[in-house]
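The values are calculated or read from the model by the stated rules, or taken from the named source; none is laboratory data. Treat the numbers as computed from the prediction; the structure is a model and nothing was measured. Note that each Cβ is placed from the backbone with ideal geometry, even for glycine, and that neighbours are counted across all protein chains shown. These accessible areas exclude ligands, DNA and RNA; they are computed on the full protein's heavy atoms, side chains included. Shrake-Rupley method; radii C 1.70, N 1.55, O 1.52, S 1.80 Å.
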Amino acid sequence: MITQPREEVGPGPRSPGLPAGYTKHKLLDNRASEMLIVELRSFAGPHVLPTRLFARHPGTEAYEQIGSPSEGVSYESPVTCEKCPIVVFNASKWNEEGRGNWAGVYAFNLNTKELAVCVSEGALIVPEQCLRSWILELVSLSDDGRKLYVNAGIERAVPGGAQAHYYLACLDIAEKSLQQLSPLSDLRF
């Protein structure tokens, strides 16, 4: 009688440097730095952990965390490009009720390990007056690392309150200016 090995139930072995309580959400490859980037999200459970980003060279086993975000801050929605050794990502601050607020867009140089703020909350320049604006998700980064394509929210005053509109937009990182490309009438993608 031939027996097969039992299938393992639950999470498998972890690469060195990756914390428990998380699972892989997104994997990116940055050719300019020859680094792998992984976005980890928490398992469903009693306590939702903030999203984290890690990187490693394909020839090594151990991952290193990107940046040192505080406990209530998520680094999420990473994008990278072919020609620059950077990963650009969104940051959100989470409160005790489980609500997140956009905190900004950051860039991490994979070679020098420098973390830089590209645009912070309140500094996003939109073409028309609004109550507030934010970036929901990063979609892609231009090859030169200067233009970031995003899903953005813009809240405008209306009689009796405010209304949020969502757009596919292009963010000029140096200018911190947002150009609306197309409305997203299905709320967001």
For the chain, report the accessible area per residue in Å² (1.4 Å probe, heavy atoms, rounded to an integer).
60 Å²
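What is the chain's relative contact order, in percent, from Cα pairs under 8 angstrom and six or more apart in sequence? Please report the intermediate quantities before stating the final value.
Working: 417 pairs, mean separation 23.7, N = 189.
Across the chain, relative contact order equals 13 percent.
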Rounded percent of accessible protein surface that carbon and sulfur make up, the range 66-186, 1.4 Å probe
46 percent
Here, GluC sites (Glu not before Pro) of the range 74-133 satisfying both criteria (DSSP loop; at most 13 other Cβ within 10 Å) are Glu82, Glu96, Glu97, Glu114, Glu128
If you take every residue apart from Val126 with its C-beta less than 15 Å away from the C-beta of Val126, what net charge results, scoring Lys and Arg +1 and Asp and Glu -1?
-2
Among residues other than Leu53 whose Cβ falls under 12 Å from its Cβ, what is the net charge (Lys/Arg +1, Asp/Glu -1)?
+2
Over the chain, with a Gaussian network built from C-alpha contacts below 10 Å, which listed residue (Leu148, Leu18, Leu131) shows the highest mean-square fluctuation?
Leu131
